[in-house]
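Dumping the structure here so I can ask a few things about it.
The values are calculated or read from the model by the stated rules, or taken from the named source; none is laboratory data. Computed from a prediction, not measured in an experiment: that's the story for all the values here. Ideal geometry is used to build each Cβ from the backbone, glycine not excepted, and the neighbour counts take in all protein chains shown.
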Amino acid sequence: MSRYWSEVVHGLTPYVPGEQPKLSNLVKLNTNENPYGPSPKVLEALRAAVGESLRLYPDPNSDRLKAAIANFHGLQPQQVFVGNGSDEVLAHVFQALLKHQAPLLFPDISYSFYPVYCGLYGISYETVALNERFEINVDDYLKPNGGIIFPNPNAPTGIPLPLADIERLLQANTESVVVIDEAYVDFGAESAAGLVDRYPNLLVTHTLSKARSLAGLRVGYALGHQGLIEGLIRVKDSFNSYPVDSLALAGAVAAMEDVEYFEMTRQKVIASREHLVAEMRKLGFDVLPSGANFIFARHAEHDGAELTAKLRDRNIIVRHFSKPARIAPYLRITIGTDSQNQQLLMAMREILP
Ligand SMILES: Cc1ncc(COP(=O)(O)O)c(C=O)c1O
């Protein structure tokens with residue numbers, strides 16, 4: 001606390017990211033990173049970008065990257081916005097598109113950064129309860145609103161929502177922006193990217209942190225109608241003209257272009273998830289159906305906090321959310337390599353009687 005703070009700072013409740021431990025011997029299954037490294041072509045592009053040209057500012061419009069992203073999704077570069085991780089993209093989305101008189105709607109159990117942006121930008125919001133199976137029911141969002149946002153698959157549940165439901169929501173909700181946060185879409189949900197040509201109020205956000213193994217590079221993007229993208233560019237150019245640095249641009253272009261590597265690693269993660277889910281169920285866990293690179297699981301006889309602590313004693317870190325109470329029994333476990341998943345299962349067998 002400092003008397004020099006602006007008034008707004010006193011009222012902030014910042015997001016708390018998962019731990020990035022300094023110890024290297026931990027099995028780190030707490031922040032939904034990819035267990036595989038980036039494509040060798042990305043590493044090559046990064047090495048090639050290290051040089052004298054770093055004295056220059058990067059391209060403020062990230063044109064090459066926008067072209068690579070547009071090409072991957074079959075869209076036009078004017079339908080693409082890029083930023084320093086999708087967290088930054090989302091921050092601009094909240095400010096540029098979601099701050100209105102009527103409240104923004106998002107699920108009561110969802111990405112915990114959403115209420116933080118609302119606090120930062122003074123956006124009024126209402127949460128909409130997930131149903132008893134932890135699913136999003138789009139009909140619950142058909143009420144006056146200043147915007148709608150949710151991840152697909154949702155986080156931290158991992159449950160995917162069928163594209164038909166998203167389209168039904170878009171048909172019924174035409175007066176405000178609908179944001180689908182597709183951070184985990186490549187692990188088992190249908191992308192809404194193909195709908196942006198048809199719905200001028202649809203914005204889809206993506207990240208290179210998950211399926212493209214580049215959490216350390218900080219690149220994310222949004223896809224939408226040119227009008228929405230122009231709004232985002234206005235905010236970005238009032239904040240930081242160069243959010244994506246030269247190295248990130250070079251690496252991200254190579255990542256978007258190496259479709260083969262992307263396909264291979266995401267299929268490996270999906271296969272490992274299916275195996276892990278089956279084994280966890282054998283141990284008595286109730287595992288929600290996941291379309292993500294993590295699972296959300298609880299054990300009827302063991303408390304979520306207790307299991308998290310016992311795993312930590314065995315050098316395995318997973319994520320536990322103590323609030324809201326409904327999710328306190330659950331553990332959010334990132335899919336690791338098969339060997340990491342085996343270590344997790346072995347530890348669970350020791351912990352469970
Ligand atoms: C639902 C969701 N959206 C967005 C992000 C942000 O990803 P990044 O800022 O790494 O692009 C995360 C990160 O975990 C997430 O879980």
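List the number of the failed condition for Ile233; all other conditions in (1) in contact with a Phe, Trp or Tyr (Cβ under 8 Å, 6 or more places away or on another chain); (2) under 28 Å from Asn154 (Cβ atoms); (3) away from the ligand (no atom under 16 Å from the Cβ) hold.
(2)
I'm trying to understand the selection: among the residues of the range 309-339, which are surrounded by 19 or more Cβ atoms within 10 Å (Cβ to Cβ) and part of a helix (DSSP H, G or I)?
Within the range 309-339, Leu311, Ile327 meet the criteria.
Across the range 66-125, what is the number of residues that are among the small types (Gly, Ala, Ser), under 29 Å from Ala254 (Cβ atoms) and within 16 Å of the ligand (Cβ to nearest atom)?
Adding up the residues that qualify gives 4.
Which residue, of Leu161, Leu203, Leu195, is more than 14 Å from the chain's Cα centre (by Cα), within 14 Å of the ligand (Cβ to nearest atom), surrounded by fewer than 24 Cβ atoms within 10 Å (Cβ to Cβ) and not assigned by TED's automatic domain parsing to the domain that holds Gln267?
Of the residues listed, the single one that is more than 14 Å from the chain's Cα centre (by Cα), within 14 Å of the ligand (Cβ to nearest atom), surrounded by fewer than 24 Cβ atoms within 10 Å (Cβ to Cβ) and not assigned by TED's automatic domain parsing to the domain that holds Gln267 is Leu161.
Hey, can you tell me all the residues within the range 222-256 that are under 24 Å from Arg47 (Cβ atoms), touching a Ser or Thr at 6+ places or on another chain (Cβ under 7 Å) and not in a helix (DSSP H, G or I)?
Val244
If you don't mind, another one. Please state which one of Gly220, Gly216 is within 16 Å of the ligand (Cβ to nearest atom), out of contact with any Pro (no Cβ under 8 Å at 6 or more places or on another chain) and free of Cβ contacts under 8 Å to residues at least 24 places away in the same chain.
Gly216
Also, quick follow-up: Can you give me the number of residues within the range 269-300 that are more than 19 Å from the chain's Cα centre (by Cα) and part of a helix (DSSP H, G or I)?
Looking only at that region, the number is 11.
I've got another one for you. Restricting attention to the range 169-182, which residues are over 22 Å from Glu260 (Cβ atoms) and within 16 Å of the ligand (Cβ to nearest atom)?
Val178, Val179, Ile180, Asp181
Right, next: Please go through the range 1-43 and give me each residue that is among the hydroxyl-bearing types (Ser, Thr, Tyr) and touching a residue at least 24 places away in the same chain (Cβ under 8 Å), ordered by number. So that I can check it myself, show each step before the final result.
Restricting attention to the range 1-43, the residues satisfying the condition of being among the hydroxyl-bearing types (Ser, Thr, Tyr) are 2, 4, 6, 13, 15, 24, 31, 36, 39.
Passing the criteria: Thr13, Tyr15, Thr31, Tyr36, Ser39.
Moving to a separate point now. Please indicate, with yes or no, whether at least one residue in the range 135-146 is in contact with a His (Cβ under 8 Å, 6 or more places away or on another chain) and away from the ligand (no atom under 16 Å from the Cβ). Full working, then the answer.
Initially, the range 135-146 is screened for residues in contact with a His (Cβ under 8 Å, 6 or more places away or on another chain), giving 146.
The next check asks that each one be away from the ligand (no atom under 16 Å from the Cβ); those that pass are 146.
Looking for residues that are in contact with a His (Cβ under 8 Å, 6 or more places away or on another chain) and away from the ligand (no atom under 16 Å from the Cβ), one finds at least one in the range 135-146, hence yes.
Of Glu279, Glu230, which residue is among the acidic types (Asp, Glu) and under 30 Å from Gln76 (Cα atoms)?
Going through Glu279, Glu230 in turn, just one is among the acidic types (Asp, Glu) and under 30 Å from Gln76 (Cα atoms): Glu230.
Glu306 - would you say it is under 20 Å from the mean Cα position of the chain (by Cα), free of Cβ contacts under 8 Å to residues at least 12 places away in the same chain and assigned to a helix (DSSP H, G or I)?
no
Any residue in the range 283-295 that's under 15 Å from Asn341 (Cα atoms): show its pairings with residues that are of a type in the set (Gly, Ala, Ser) and in a loop (DSSP other than H, G, I, E, B) at Cβ separation under 7 Å, as long as the two are six or more apart or on different chains.
Every condition considered, the pairs that remain are Phe294/Gly158; Ile295/Gly158.
Scan Glu33, Glu52 and give me the residue that is among the acidic types (Asp, Glu), more than 16 Å from the ligand (Cβ to nearest atom) and over 30 Å from Ser2 (Cα atoms).
Values: Glu33 fails: more than 16 Å from the ligand (Cβ to nearest atom).
It is Glu52.
Restricting attention to the range 257-282, which residues are among the charged types (D, E, K, R), in contact (Cβ under 8 Å) with a residue 12 or more places away in the chain and closer than 30 Å to Lys66 by Cβ?
Scanning the range 257-282 gives Glu257, Asp258, Arg266, Lys268.
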